[in-house]
Amino acid sequence: MAASETRPSSPVSTVSPLLQELTSLLTEQNNPATWDIDLSDTQRILELINAEDCKVAPAVAREIPSIAAAVDHIVAAFYRGGRLIYVGAGTSGRLGIIDAAECPPTFGSPPEMVQAIIAGGDAAIFRAQEGAEDRREDGAAAIAARQVTANDVVCGIAASARTPFVLGALEEAHRRGATTILITTNPRQKVQQMEIARYAHILICPEVGPEVIAGSTRMKSGTAQKLVLNMLTTAAMIRIGKTYHNIMVDLQPTNQKLLERSKHILMLLADVDYATAEHTLRETQGNTKLALFMLLANLPADQARRLLQKHQGRLREALLARHTER
C-alpha cells in the first residue's frame with residue numbers, strides 16, 4: 001500500500017461480541033497520525049511518539065475534579081484505618097504495584113496502607129500470565145482474600161474499562177461496601193454505558209486517544225495511569241501530614257543515602273548544623289519527623305512524641321499547638 005493511501009476499513013462480516021466490544025473502544029482504534037510510522041526513520045518515529053505523549057498531561061488535567069474526589073475518599077479511609085488497594089492486569093496491574101511499593105520508602109507509610117493486586121499473582125509482575133485477566137471470579141476472590149471492608153478504597157485500573165478480572169474485583173468490593181474507583185482511558189460517556197460503571201463510585205477517565213501503535217495501551221494509557229496514581233497517593237499522603245512544606249518528613253532512613261537525606265532535611269528545615277541533625281536523629285532512632293518536631297518546637301523526645309501522636313502526625317497542627325499543649 002502506498003504511503004498516501006488511506007487506512008482500509010474492516011470487511012463487513014459477522015464477528016464475535018467480544019470483537020465488536022473491543023473495536024468500539026477508543027483505546028483500540030487506529031491513530032491516523034501514526035498510520036505510516038513503519039515508513040519513518042528513527043527520529044521521525046520518536047517525534048511521533050513524543051507528539052502523542054504531549055496529549056497525556058492535558059487529558060489528566062481535565063480529570064482533576066474526579067481525581068480530587070478520589071483523593072478525599074482515600075484520605076478519609078486512611079484516617080479510619082482503611083487501605084487503598086489497586087487492582088489491575090498487565091501494564092495496569094504493574095503500575096499499581098509500583099505505586100504501592102514506593103509509598104513506604106517515600107512516605108514512611110506501613111506496607112499494608114497501600115496495596116496492589118495483579119491478575120495472575122506475583123508471577124505476572126515479570127512475565128505476562130496469558131488468560132489471567134479473563135477470570136472475573138479470580139478478581140472477586142482476590143478482594144475476598146484481602147478481607148476488604150467498608151473502611152477500604154479499591155481502585156481498579158483498566159485502560160479498556162472491560163477487563164474481567166478488574167470487573168470482578170470492583171463488583172465484590174462494591175458489594176462489601178468499599179469505596180470503588182475506576183481509572184480508564186476510554187471516554188466517560190462510553191464507560192458509563194458499560195457494566196463496570198455500576199460498581200465504580202468514581203470514574204477517572206483521561207481520554208488520551210488512540211495509541212501510537214494501535215491497542216498498545218502500555219504507551220499513552222499507561223503514562224496517564226501512572227500520572228493519576230502518582231496524584232492519588234502523593235496528594236493523599238500530603239493531606240495526612242506526610243510532608244512539611246514540600247519535603248518528605250516521614251522519610252525512613254533505611255540506607256545510607258536516606259540517612260544523609262534525613263540529616264539534610266533537619267539542617268534545612270530546622271536550621272541546625274550537621275552534628276545537631278545527626279545527634280537528634282540518633283536520639284529518635286531515625287524518626288525524621290519526630291527529630292524535626294523536637295528541633296522546631298524545642299521539646300524533648302517524649303513530649304514531642306506525645307504531641308505529634310495527639311495530632312495524628314500532622315506536624316503543622318502540632319507546631320501550632322505546642323505553646324498550649326506541652
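Restricting the range 176-196 to residues that are in a helix (DSSP H, G or I) and touching a residue at least 24 places away in the same chain (Cβ under 8 Å) leaves a set whose member that is surrounded by the fewest Cβ atoms within 10 Å (Cβ to Cβ) is 195.
Each row is one residue, and each column tells you yes or no for (1) in contact with an Asp or Glu (Cβ under 9 Å, 6 or more places away or on another chain); (2) among the small types (Gly, Ala, Ser); (3) crowded, with 21+ Cβ neighbours inside 10 Å; (4) within 30 Å of residue 91 (Cβ to Cβ).
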{"site": "218", "(1), (2), (3), (4)": "yes, no, no, yes"}
{"site": "243", "(1), (2), (3), (4)": "yes, no, no, yes"}
{"site": "265", "(1), (2), (3), (4)": "no, no, yes, no"}
{"site": "293", "(1), (2), (3), (4)": "no, no, yes, no"}
{"site": "312", "(1), (2), (3), (4)": "no, no, no, no"}
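Under the condition of being at pLDDT below 95 and surrounded by 20 or more Cβ atoms within 10 Å (Cβ to Cβ), the residues counted in the range 110-123 number 2.
Of all residues in the range 107-120, those that are in the same structural domain as residue 74 (by TED's automatic domain parsing) have Cβ atoms under 9 Å from Cβ atoms of residues that are among the acidic types (Asp, Glu) and assigned to a loop (DSSP other than H, G, I, E, B), 6 or more apart or on another chain, in 107/250; 108/250; 109/250; 120/130.
Determine whether residue 40 is exposed (fewer than 15 other Cβ atoms within 10 Å of the Cβ), at pLDDT below 95 and among the polar types (S, T, N, Q). Steps first, please.
On the way: exposed (fewer than 15 other Cβ atoms within 10 Å of the Cβ): yes; at pLDDT below 95: no; among the polar types (S, T, N, Q): yes.
The answer is no for residue 40.
Sort out which residues of the range 210-242 are outside any loop (DSSP other than H, G, I, E, B) and without any contact (Cβ under 8 Å) to a residue 24 or more places away in the chain, and write them in order of number.
So the first thing to find is which residues in the range 210-242 are outside any loop (DSSP other than H, G, I, E, B), and the list is 220-239.
Within the range 210-242, 234, 238 qualify.
Name the helices (runs of 4 or more DSSP H) wholly inside the range 56-154 in which the number of residues that are touching a Pro at 6+ places or on another chain (Cβ under 8 Å) and hydrophobic (A, V, I, L, M, F, W, C) is 3 or more.
Values: elements: 56-61, 64-79, 90-107, 136-145.
It comes to 56-61.
Based on this model, can you work out whether residue 308 counts as assigned to a helix (DSSP H, G or I), touching a residue at least 40 places away in the same chain (Cβ under 8 Å) and among the aliphatic types (A, V, I, L, M)? Write out each step before concluding.
Details: assigned to a helix (DSSP H, G or I): yes; touching a residue at least 40 places away in the same chain (Cβ under 8 Å): no; among the aliphatic types (A, V, I, L, M): yes.
The answer is no for residue 308.
Checking 34, 27 one by one, the residue that is surrounded by 10 or more Cβ atoms within 10 Å (Cβ to Cβ) and at pLDDT 90 or above is 34 and no other.
The values are calculated or read from the model by the stated rules, or taken from the named source; none is laboratory data. Note that the structure is predicted; figures quoted are calculated from it, not measured. Note: ideal-geometry Cβ built from the backbone for every residue, glycine included; neighbour counts use all protein chains shown.
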